[in-house]
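Asker: Structure below; questions to follow.
The values are calculated or read from the model by the stated rules, or taken from the named source; none is laboratory data. Quick caveat: nothing in here was measured; it's all calculated off a predicted structure. Please note: Cβ atoms are built from the backbone with ideal geometry, for glycine as well, and neighbour counts cover all protein chains shown. In case anyone asks, the SASA skips ligands and DNA or RNA and just uses the protein heavy atoms, side chains included. Shrake-Rupley method; radii C 1.70, N 1.55, O 1.52, S 1.80 Å.
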Amino acid sequence: MVNLNANISSILPNISPDGIGMPKAGNAAGEKSDFADTIKAIEKYITKVDDLQQSSDMSIKDLLAGKNEDITSVVTAVAKADMSFKLLVTVRNKLIEAYKQTMNMPI
Amino acid sequence: MEVKNALSPIDIATSGLRAQSKQMEVISSNVANARTSDTGKGEPYRRLEAMFKTDGDGIAGVSLDRIATDMRDFYEILDPGNPGADEHGYVRMPNVNLPIEMMNLNIASRAYQANAAVLKRYQQMVETTLDLLR
């Protein structure tokens with residue numbers, strides 16, 4: 001097991017030097033900056049999710065106001081917004097969990 | 001994972017939903033005009049047919065290509081009392097065959113259901129994947 005961990009941490013920085021792909025696994029090496037990079041990547045994703053939410057909101061409003069009568073486009077927008085939001089929430093929960101676990105680690 | 005790729009099955013399934021509702025629109029026009037002997041152009045209603053095409057090469061959604069008119073002969077029914085009848089007492093009626101329209105309606109609604117099922121199942125798949133993170 002010890003050998004395996006050493007291999008992984010020595011290989012991973014080569015695979016994803018920018019730390020967007022799998023920075024969490026690289027945390028085992030003790031780098032704090034990787035976690036910050038993840039938070040930055042999440043920020044980008046939040047704006048994407050926000051865009052999807054806004055467009056789904058707009059399509060619902062248009063449908064209710066009678067501007068748009070295409071229900072399928074509303075369904076698409078809402079489904080996209082729902083799925084991306086669920087992904088965001090799950091990743092956020094996982095990150096907070098990881099943060100808590102790290103903070104509760106006995107030193 | 002790129003967001004666009006992860007959501008493209010939704011777009012494809014929605015294009016299928018849209019195409020099938022267009023098909024349903026055409027069928028409803030055919031059924032509603034099944035006995036329309038005058039369209040104002042001097043001939044009975046001609047049956048319409050929706051033609052679809054793919055949106056691109058490989059994996060792609062579907063979109064409406066065009067709405068073609070059925071050029072088959074009109075039905076002629078004997079109705080001498082009808083003011084639109086010719087000298088032999090025949091009236092030209094639309095080339096709409098109701099049983100065929102009913103079958104097309106079944107096909108369209110089943111295809112719509114299938115696309116909706118794909119959409120729903122894909123959402124379930126994504127949720128299953130997200131469950132792995134929990």
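Asker: Take the conditions touching a residue at least 60 places away in the same chain (Cβ under 8 Å) and either open to solvent by less than 60 Å² (accessible area, probe 1.4 Å) or away from every other protein chain (no Cβ under 14 Å) (or both) and apply them to B:Ala85. Does it pass?
Answerer: Numbers: touching a residue at least 60 places away in the same chain (Cβ under 8 Å): no; either open to solvent by less than 60 Å² (accessible area, probe 1.4 Å) or away from every other protein chain (no Cβ under 14 Å) (or both): yes.
No: the conditions fail for B:Ala85.
Asker: Tell me, please, whether a residue that is touching a residue at least 24 places away in the same chain (Cβ under 8 Å) and touching a helix residue (DSSP H, G or I) at 6+ places or on another chain (Cβ under 9 Å) can be found in segment B:38-45.
Answerer: Let us first name the residues in segment B:38-45 that are touching a residue at least 24 places away in the same chain (Cβ under 8 Å), namely B:38, B:43-45.
Within this subset, residues satisfying the condition of being touching a helix residue (DSSP H, G or I) at 6+ places or on another chain (Cβ under 9 Å) are B:45.
Within segment B:38-45, one or more residues are touching a residue at least 24 places away in the same chain (Cβ under 8 Å) and touching a helix residue (DSSP H, G or I) at 6+ places or on another chain (Cβ under 9 Å).
Asker: Could you say whether any residue in segment B:83-103 is closer than 30 Å to B:Thr129 by Cβ and aliphatic (A, V, I, L, M)? Step through it out loud before you land on a result.
Answerer: Start the filter on segment B:83-103 by keeping residues that are closer than 30 Å to B:Thr129 by Cβ, which leaves none.
Looking for residues that are closer than 30 Å to B:Thr129 by Cβ and aliphatic (A, V, I, L, M), one finds none in segment B:83-103, hence no.
Asker: With (1) of a type outside the set (A, V, I, L, M); (2) under 21 Å from the mean Cα position of the chain (by Cα); (3) within 19 Å of B:Ser8 (Cα to Cα) as the list, and A:Thr72 as the residue in question, which single condition is left unmet?
Answerer: Just one mismatch for A:Thr72, condition (2).
Asker: Taking A:Ile96 as the residue in question, decide whether it is more than 30 Å from B:Gly16 (Cβ to Cβ), within 14 Å of chain B (Cβ to nearest Cβ) and open to solvent by 60 Å² or more (accessible area, probe 1.4 Å). Give the derivation first.
Answerer: Numbers: more than 30 Å from B:Gly16 (Cβ to Cβ): yes; within 14 Å of chain B (Cβ to nearest Cβ): yes; open to solvent by 60 Å² or more (accessible area, probe 1.4 Å): yes.
In short, yes.
Asker: OK, next. Hey, any hits in segment B:58-76 for a residue that's charged (D, E, K, R), without any contact (Cβ under 8 Å) to a residue 24 or more places away in the chain and farther than 30 Å from B:Ser15 by Cα?
Answerer: First, pick out the residues of segment B:58-76 that are charged (D, E, K, R): B:65-66, B:70, B:72-73, B:76.
Of the ones still in play, those that are also without any contact (Cβ under 8 Å) to a residue 24 or more places away in the chain are B:65-66, B:73, B:76.
After this cut, where a residue has to be farther than 30 Å from B:Ser15 by Cα as well, the list is B:73, B:76.
Within segment B:58-76, one or more residues are charged (D, E, K, R), without any contact (Cβ under 8 Å) to a residue 24 or more places away in the chain and farther than 30 Å from B:Ser15 by Cα.
Asker: Report, by residue number, each residue of segment B:77-101 that is among the small types (Gly, Ala, Ser) and within 17 Å of B:Tyr45 (Cα to Cα). Quick ask: steps written out before the conclusion?
Answerer: First, the residues of segment B:77-101 that are among the small types (Gly, Ala, Ser): B:81, B:84-85, B:89.
Within segment B:77-101, B:Gly84, B:Ala85 qualify.
Asker: Being more than 9 Å from chain B (Cβ to nearest Cβ), acidic (Asp, Glu) and either at positive phi or surrounded by 15 or more Cβ atoms within 10 Å (Cβ to Cβ) (or both) is the filter here; which residues of segment A:61-93 pass it?
Answerer: A:Asp62
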